[in-house]
Amino acid sequence: MCQSGLGVGTVGVFFSPSSSGLCSLEVQAGLWLCGVGLLCPVGCFGSEHLSLCLSESSLEKERETPSPIDPNCVEVDVNFNPDPADLVLSSVPGGELFNPRKHKFAEEDLKPQPMIKKAKKVFVPDEQKDEKYWTRRKKNNVAAKRSRDARRLKENQITIRAAFLEKENTALRTEVAELRKEVGKCKTIVSKYETKYGPL
């Protein structure tokens with residue numbers, strides 16, 4: 001208990017609750033401001049008072065709601081080691097190496113593509129194959145090759161990404177099973193406590 005004995009005018013140092021839940025060190029003339037909202041003379045300050053203040057602050061901090069976690073920042077330990085040659089085939093030439101752990105596809109990229117029938121070849125007589133014809137034919141061949149290469153690159157990327165997601169999915173399912181087991185244990189402990197002592 002606090003005992004009187006020091007008059008106003010004696011300068012002392014005291015602890016008071018702060019917004020962070022910890023006790024802040026402050027100075028006031030003559031009186032201690034206790035963590036429970038009482039004013040006590042400087043002479044009464046001791047280890048019991050400090051222990052009470054710290055225990056209440058710790059309890060406040062434990063009851064604080066945890067900050068939300070960004071799902072994109074969660075790292076999952078996945079044993080995934082793709083063939084370097086496959087990563088090269090999935091990378092844009094001259095660009096960075098494809099990263100199946102981080103790459104994200106647009107919704108349009110993952111839609112099924114319809115089967116397109118090839119157009120029937122039109123026979124062109126040799127006498128009509130002039131310079132203009134060959135120039136147009138060359139441009140068409142280059143465009144067709146570029147389109148095939150882009151489609152093959154995307155297919156390779158989707159394949160590597162899908163392989164990683166399969167591994168990650170297995171790891172996450174294992175982790176969820178372990179967490180559910182832990183939650184079950186915690187619920188049992190809380191249930192036993194509430195049965196004996198009442199609701200928390």
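Summary table
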quantity: Checklist (1) closer than 30 Å to residue 169 by Cα; (2) surrounded by 10 or more Cβ atoms within 10 Å (Cβ to Cβ); (3) more than 30 Å from the chain's Cα centre (by Cα) applied to residue 114, failing item; calculated: (2)
quantity: Search result, residues across segment 125-144 that are part of a loop (DSSP other than H, G, I, E, B) and surrounded by 10 or more Cβ atoms within 10 Å (Cβ to Cβ); calculated: 129
quantity: Condition check for residue 122: assigned by TED's automatic domain parsing to the domain that holds residue 85 and surrounded by 10 or more Cβ atoms within 10 Å (Cβ to Cβ); calculated: no
quantity: Residues that are surrounded by 12 or more Cβ atoms within 10 Å (Cβ to Cβ) and not in a loop (DSSP other than H, G, I, E, B), drawn from segment 85-111; calculated: 86, 87, 88, 89
quantity: Residues of segment 72-89 satisfying the condition of being without any contact (Cβ under 8 Å) to a residue 24 or more places away in the chain and within 17 Å of residue 159 (Cβ to Cβ); calculated: 81, 83, 84, 85, 88
quantity: Count of residues meeting criterion [surrounded by fewer than 10 Cβ atoms within 10 Å (Cβ to Cβ) and among the polar types (S, T, N, Q)] in segment 175-200; calculated: 1
quantity: Hits in segment 124-153 - residues which are among the hydrophobic types (A, V, I, L, M, F, W, C) and under 30 Å from residue 109 (Cα atoms); calculated: 142, 143, 144, 150, 153
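So that you can scan it fast, the table gives a plain yes or no per residue for (1) more than 19 Å from residue 75 (Cα to Cα); (2) at pLDDT below 95:
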{"residue": "143", "(1), (2)": "yes, no"}
{"residue": "147", "(1), (2)": "yes, yes"}
{"residue": "151", "(1), (2)": "yes, yes"}
{"residue": "161", "(1), (2)": "no, no"}
{"residue": "164", "(1), (2)": "no, no"}
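The values are calculated or read from the model by the stated rules, or taken from the named source; none is laboratory data. What you see is a predicted model, and the numbers here were worked out from it, not measured in a lab. No Cβ is skipped: glycine too gets one built from the backbone with ideal geometry, and neighbour counts run over all protein chains shown.
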